1. In the range 49-81, what residues are over 30 Å from Ile323 (Cβ atoms) and surrounded by 16 or more Cβ atoms within 10 Å (Cβ to Cβ)?
2. Looking only at the range 343-367, which residues are assigned to a helix (DSSP H, G or I) and without any contact (Cβ under 8 Å) to a residue 40 or more places away in the chain?
3. Does the range 438-465 hold any residues that are modelled with pLDDT under 90 and surrounded by fewer than 14 Cβ atoms within 10 Å (Cβ to Cβ), and which are they?
4. Go through (1) assigned to a helix (DSSP H, G or I); (2) touching a Lys or Arg at 6+ places or on another chain (Cβ under 6 Å); (3) not acidic (Asp, Glu) and name the single condition Arg71 misses.
5. Could you tell me which of the residues Gly340, Gly320, Gly290 is of a type outside the set (S, T, N, Q) and without any contact (Cβ under 8 Å) to a residue 24 or more places away in the chain?
6. In the set Phe189, Phe174, Phe142, which member is surrounded by 19 or more Cβ atoms within 10 Å (Cβ to Cβ), modelled with pLDDT under 70 and closer than 27 Å to Asp271 by Cβ?
7. I need the full set of residues from the range 114-125 which are surrounded by fewer than 24 Cβ atoms within 10 Å (Cβ to Cβ) and either touching a strand residue (DSSP E or B) at 6+ places or on another chain (Cβ under 7 Å) or assigned to a loop (DSSP other than H, G, I, E, B) (or both), in order please.
8. Any residue in the range 247-258 that's over 12 Å from Ile301 (Cα atoms): show its pairings with residues that are part of a helix (DSSP H, G or I) and among the acidic types (Asp, Glu) at Cβ separation under 8 Å, as long as the two are six or more apart or on different chains.
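The values are calculated or read from the model by the stated rules, or taken from the named source; none is laboratory data. What you see is a predicted model; the values in this text were computed from it and never measured. Cβ coordinates were reconstructed from backbone atoms using ideal geometry, including for glycine residues, and neighbour counts include every protein chain displayed.
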Amino acid sequence: MPFRLQCILLVCVCCTGLLTGTAHAVRLSDPAQIVEDNDTVVRLRRADGLLENRPAQQLGTQEAEILQKYRADHPPSPYMTRRKLRQKPRPLLVNKDGIRIFPSVTDVHAAILTGTVVGYEEASALSTVVLSAGSRFWEPQFKDDSGETDSFWPKIIAKLEAQNPGNAVRQDPFVTCMEYLKNHGKEVFWTIRVNDTHDHNLPVKSLHGWKQRMASTTDKKGNPFLVGTTSRPPRFARPNALNYDNFEVRKKFIRAIKAGVDKLAGQHRLDGIELDFTRHTILFKSVADGGKASDRQLALITDLVRLIRKDLDQTALDRGRPILLMVRIPDSVEFCRAIGIDIEEWLKEDLVDMVVNSDYYMLSSWSSFADFCHRYDVPYYACLERRRIEQNVPDASSSASMSVPIRPELWRGEALNAWSSGVDGIYIFNRPMARAEVFSLNLHDPSALKRMHFPEIIRQTERRSHSPWADPNRWAREWNSKP
């Protein structure tokens, strides 16, 4: 073989070795060689000082023993553990919209469980229950460091105990439900509604704790804590919505979350929290009056999320297990920015572990937001809400909606649309249907859905319900819609 051809072949072999990583495949002989270990890939320092990635599965027996010793001496960082945990498969999540009391059950705790979570333990496909303390408030019966609570449970508990002498309520109803779910192997998130306005029709004296105090405060410009008053309502929101421009409101929100997490994260084994920005989609008085959130206001909410992330990480470090942070937001980056949510910045800073989209309305396709979240290695879940999927259904909170049969073919079609667009799971919210009915629809199984045909499945997507709440312009007037 000519000498020149031999040289060319030698160069090719060397280059091939460099490209495939075999020419200088480093052997792991000392734990000090390990620079980083992310569970599946081990990053090693070679003799020449360069770094090389080795798949953990390709290590030899002796190398695996050295890696095991390294891992015993170097437990995973909380950050890496959190990133790994958020990628856990969650094919089906259910947001239990409030805690219900089942009136025909005499035992108070049995009444709470029967009305809220009994039946979920039988659903193997259900990975996660997102549990609400109540539809109107931030927190369960947890006093923050100011001594205030917004919980309405003390009054209900007193009423239940009066009706059932000798049957005292032993603990917060939220904790009762959470412990039941955890004992049956379910992941539990506590959802906090950032600005729920369901209490808009209540007189001030009927509000609870700190919110009664805030709603009772007025000055020459109105109420500094709310976006308006009954006599001076905003143009595009209910007047009882909190105004997050106010430092006291933001501080109270942080304290409320910290009080709840401190109680639930230890012995009660809370897995994560959800910040629900869709109940309701208003943060600032200026936006409620028809404006657009400023850069300063975007920074205020981002700083709020940073502080929550910091507190969660510190609590996770203390207990030795991560606490995930999920957010439920509108499905448009532009719309989010218009109301004060800088979701792209949150993902860039890795403040958020999971994102849930859609509710009364959809503003973009499932695929566009799935791609957006996956760009930052954050799982994305599609929210299915009956008032959007099925038209002309009575309001989900009314008793009339309970008597209207669901249309399984629409739910299955919507779930298949979402799965086909790259979502990581299906999130059910505010569904007035029997629990067994939810789990019989196979919403968690895209393979089963693909095998179905019309009329079992109808692949149509309703962008909005007919409810006035479903008009995005109700919440933000100045934003650029992109399909």
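1. Across the range 49-81, the qualifying residues are Glu52, Arg54, Leu59, Glu63, Ile66.
2. If the condition is that a residue be assigned to a helix (DSSP H, G or I) and without any contact (Cβ under 8 Å) to a residue 40 or more places away in the chain, then Ile343, Glu344, Leu347, Lys348 are the ones that fit.
3. Answer for the range 438-465, where residues must be modelled with pLDDT under 90 and surrounded by fewer than 14 Cβ atoms within 10 Å (Cβ to Cβ): Ser440, Phe454, Pro455, Glu456, Gln460, Arg463.
4. Result: Arg71 passes all but (2).
5. Unique residue meeting the criteria: Gly320.
6. Matching residue, one of Phe189, Phe174, Phe142: Phe142.
7. Answer for the range 114-125, where residues must be surrounded by fewer than 24 Cβ atoms within 10 Å (Cβ to Cβ) and either touching a strand residue (DSSP E or B) at 6+ places or on another chain (Cβ under 7 Å) or assigned to a loop (DSSP other than H, G, I, E, B) (or both): Val118, Gly119, Tyr120, Ala123, Ser124, Ala125.
8. Qualifying pairs under 8 Å: Ile257/Asp311; Lys258/Asp311.
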